[in-house]
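Each remark here refers to the structure printed beneath this line.
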Amino acid sequence: MMNINPTETNAWKKLQLHFDTIRDTHLKELFKDQGRAATFTIQWQDFLVDYSKNRITEETKSLLIELAEEVGLSEAIASYYGGEAINKTEDRPVMHTALRDFSATAYHKEEVAGVRNAIKTFTKSIIEGTHTGATGKTITDVVNIGIGGSDLGPVMVVEALQYYKNHLTTHFISNVDGDHVMETIKDLDPETTLFVIVSKTFTTQETLSNATTVRAWFVDQLGEEAVGSHFVAVSTNLEAVQNFGIASENIFPMWNWVGGRFSLWSSVGLSIALAVGYDHFEDLLRGAQEMDIHFKEQPFDENIPVITALLSVWYNNFFGAESEAVIPYTQYLHRLPAYLQQAIMESNGKSVDRNGNPVGYETGNIIWGEPGTNSQHAFFQLIHQGTKLIPADFIGFKKSLHGNVDHHDKLMANFFAQTEALMNGKTEAQVTEELRESPLSRKRIEQLTPFKVFEGNKPTTTYLINTLSPKTLGALVAMYEHKIFVQGVIWNIYSYDQWGVELGKQLAKQVLRDFDDVESSVHDASTKQLLISYKKA
Ligand code: F6P
């Protein structure tokens with residue numbers, strides 16, 4: 001991988017000059033070009049990606065592509081797929097794409113296929129009831145115990161694919177909050193529940209504490225000898241899992257070359273395969289694989305992850321946008337923004353470049369969002385009329401899964417209307433005209449007009465997808481994964497480590513020890529005062 005400060009490239013300098021000429025241009029102006037929508041649209045399989053409502057011209061696009069070329073994106077993609085240790089600070093390759101590579105030349109083909117087969121056999125036995133609990137009852141409930149990448153991917157996909165779900169009820173325990181644990185297990189029958197403990201490292205405090213509590217609750221009721229039929233684990237740390245009391249035949253391995261936040265495609269996705277069946281799980285992988293091929297093979301100007309990543313860079317580094325919203329117009333995707341928060345912010349929230357020097361430019365975007373139309377009735381006001389520029393991804397589907405056309409038309413009418421409103425806004429003349437039709441006095445109209453004007457010119461990218469299926473979901477998630485990669489390459493940062501989360505983990509351990517003797521612990525005055533107050537309660 002090249003190691004280039006993006007701001008020192010020729011393309012960046014040209015982009016800066018170009019930005020000065022385009023920064024105030026309104027999208028309405030740009031849309032005078034009748035061909036614009038077609039020019040800035042990519043139709044790929046079931047996806048129509050319309051990025052024409054972005055504040056770009058053809059020149060912007062070609063300069064952004066020039067930037068990608070100048071920082072060596074093609075070479076970086078080759079290193080990524082080629083299994084080079086591009087996660088340099090942990091000295092590991094980044095090969096989650098291998099988990100959905102069904103080709104003959106796939107990386108670690110045998111091992112990956114072996115684990116996929118194990119997932120297939122196991123999930124079939126649970127779903128069909130041939131694997132029973134210790135007392136002979138069939139399994140009805142599955143509890144995934146994990147946090148971060150060992151939770152967010154599985155929960156997001158299980159929620160997204162609810163329509164495809166079987167009879168098993170899936171629960172997720174992530175937070176070390178004991179109330180969260182108890183609320184989840186309080187009505188569960190241990191005789192019919194399967195616990196899936198997911199931790200890549202098997203050292204994560206939250207997961208180990210939750211697993212220990214749940215195991216004790218279970219053993220209390222059914223005894224130690226029943227554990228084997230009800231507990232399985234997913235980890236790279238086989239020894240730690242065995243020490244925890246889970247037999248080797250109940251461990252689904254994963255590998256260090258799969259980052260936690262990119263691991264839903266591995267055995268971390270066991271709860272997904274249990275919830276929707278192995279075939280749907282495989283469809284999810286195959287959808288992702290199609291996007292992997294698209295990303296690897298398409299020229300940059302027609303490459304969805306490349307284009308969308310470059311747009312992000314454009315807003316982040318030139319317009320100074322601080323955040324991006326992701327608004328899925330389906331309730332099924334209600335956990336997508338949370339999933340993307342980890343994927344994007346844990347990856348690209350870095351302030352040191354690949355030389356170990358502080359970066360002199362902005363990196364990772366803040367990601368947030370909620371499903372439409374709920375979000376319209378919550379935070380859209382700020383996107384429409386606030387002072388911040390918030391580019392937004394609108395994700396919608398042509399067909400609903402249950403086929404209620406009336407509802408779907410209303411939902412999608414909002415979907416299309418919002419991007420149009422964000423782009424066009426409402427001028428003073430339009431507002432005055434509208435108010436003139438009302439019985440309001442002239443004076444009142446004058447008073448109200450400034451509050452009713454929408455500047456517009458708010459950028460959006462629309463992903464219009466045929467239906468929400470395991471396959472399209474796989475492709476959508478893989479699209480965001482590659483977008484993260486492209487942004488990391490441009491920003492010259494390491495996207496696949498997460499050292500920033502370590503300090504808090506270490507301090508939490510120290511604070512826990514200090515609870516024994518708060519008075520003599522060494523902390524700043526604020527923290528100490530809080531600890532004393534907490535222990536007095
Ligand atoms: O939040 C830090 C992190 O290391 C994530 O990257 C990871 O997904 C999560 O903790 C859980 O880690 P593990 O799967 O090892 O329990």
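The values are calculated or read from the model by the stated rules, or taken from the named source; none is laboratory data. Here the structure is a predicted model, which means the values were calculated and not measured. Please note: Cβ atoms are built from the backbone with ideal geometry, for glycine as well, and neighbour counts cover all protein chains shown. With ligands, DNA and RNA removed, areas are computed over all heavy atoms of the protein, side chains included. Shrake-Rupley method; radii C 1.70, N 1.55, O 1.52, S 1.80 Å.
Considering amide H positions built from the backbone, and no H for Pro or chain starts, which residues 5 or more places from ASN87, or on another chain, come under 5 Å of its amide H?
Amide H to amide H, under 5 Å and 5 or more residues apart or across chains, ASN87 pairs with ARG92, VAL94.
Kindly work out what percent of the DSSP beta bridges joining two residues of the chain are antiparallel, to the nearest 5. Show your work: numbers first, answer last.
Values: 12 of 42 bridges.
Beta bridges within the chain, antiparallel portion: roughly 30 percent.
Relative contact order for region 285-362: what is it in percent, counting Cα pairs under 8 Å that are at least 6 residues apart? Mind showing how you got there, number by number?
Details: 23 pairs, mean separation 12.6, N = 78.
Relative CO of region 285-362 lands at 16 percent.
Counting only residues 5 or more places away or on other chains, whose amide H sits under 5 Å from the amide H of ASN144 once H atoms are built in the peptide plane?
HIS171, PHE172, ILE173, VAL196
Need one word for region 277-422: rounded, prolate or oblate. Basis is the Cα gyration tensor (sqrt eigenvalues a ≥ b ≥ c); a/c below 1.5 gives rounded, then a/b vs b/c decides.
On the way: a/c = 1.97, a/b = 1.23, b/c = 1.61.
Because a/c hits 1.5 or more and a/b fails to exceed b/c, region 277-422 counts as oblate.
Under 14 Å from a point 7 Å along the Cα-to-Cβ line of GLU455: which residues of region 6-24 have their amide N that close?
Output list for this probe position: 23-24.
Report the residues of region 383-423 in range of a label on GLU322: point 7 Å along Cα→C-beta, backbone N strictly under 14 Å from it.
Of the residues in region 383-423, 383, 386-391 have backbone N under 14 Å from the label point off GLU322.
For LYS28 and GLU224 in one chain, what is 0.36 nm times their gap in residues minus the Cα-Cα distance, to one decimal in nm? Display every interim value, and only then the final one.
On the way: separation 196, 0.36 × 196 = 70.56 nm, distance 6.85 nm.
Full-extension gain reported as 63.7 nm.
I'd like the Karplus ³J(HN,Hα) series for region 367-373: coefficients 6.51, -1.76, 1.60, θ = phi - 60°, whole numbers in Hz, and an x wherever there's a Gly or Pro.
Values per residue, Gly and Pro as x: 10, 7, x, 7, x, x, 8 Hz.
When only the heavy atoms of the protein chains count and the probe is 1.4 Å, how do THR105, THR41 rank by accessible area, highest first?
Values: THR105 120, THR41 45 Å².
Sorted by accessible area, descending: THR105, THR41.
Counting Lys and Arg as +1 and Asp and Glu as -1, each charge on the Cβ, what is the dipole of the chain about the Cα centre in debye, to the nearest 20?
Details: 46 positive and 67 negative charges, 204 e Å.
Using only the charged Cβ atoms, the result is roughly 980 debye.
In region 13-168, with Lys and Arg counted as +1 and Asp and Glu as -1 at Cβ, which of these residues, ILE139, TRP44, ALA78, has the Cα nearest the positive end of the dipole, that is, farthest along it?
Towards the positive end, the residue furthest out is ILE139.
Please list the non-local residues whose amide H lies under 5 Å from the amide H of VAL234, H modeled 1.01 Å from N, same-chain partners needing a gap of 5 or more.
Placed amide hydrogens put ILE197, VAL198, SER199, PHE252 under 5 Å from VAL234.
Given the options ALA288, SER323, ILE304, identify the residue whose Cα lies farthest towards the positive end of the charge dipole of region 278-336 (+1 on Cβ of Lys, Arg; -1 on Cβ of Asp, Glu).
Checked the options; the winner is SER323.
Evaluate the charge dipole of region 1-155 about its Cα centre and quote only its size in Debye, nearest 20, assuming +1 on the Cβ of each Lys and Arg and -1 on the Cβ of each Asp and Glu. Show your work: numbers first, answer last.
Working: 17 positive and 22 negative charges, 97 e Å.
Roughly 460 debye, rounded to the nearest 20.
Just want the answer: with Cβ charges of +1 for Lys and Arg and -1 for Asp and Glu, which residue in LEU152, THR97, HIS167 is farthest toward the dipole's positive end in region 42-191?
Working it through, the farthest residue towards the positive pole turns out to be HIS167.
Show me, for region 377-382, the HN-Hα J-couplings you get by feeding each phi into the Karplus relation (A = 6.51, B = -1.76, C = 1.60, θ = phi - 60°), rounded to Hz, glycine and proline as x.
8, 10, 10, 5, 3, 5
For the pairs LYS61/LYS471; LYS483/LYS528; LYS53/LYS120; LYS350/LYS426; LYS186/LYS483; LYS410/LYS452, note any where the Cα-Cα span goes beyond 32 Å.
Over 32 Å apart, Cα to Cα: LYS483/LYS528; LYS53/LYS120; LYS350/LYS426; LYS186/LYS483.
For region 113-118, what does the Karplus curve 6.51 cos²θ - 1.76 cosθ + 1.60, with θ = phi - 60°, yield as ³J(HN,Hα) per residue in whole Hz, taken in order and with x for Gly and Pro?
5, x, 5, 4, 5, 4
Just to verify a number: what accessible area does ILE395 come out at with the full protein assembly present, 1.4 Å probe, Å² rounded to tens?
Number for this one is 0 Å².
Working out 0.36 nm times the residue gap between THR203 and SER103, then minus their Cα-Cα distance, what length gain in nm do you get to one decimal?
Values: separation 100, 0.36 × 100 = 36.00 nm, distance 3.37 nm.
Between THR203 and SER103, full extension yields an extra 32.6 nm.
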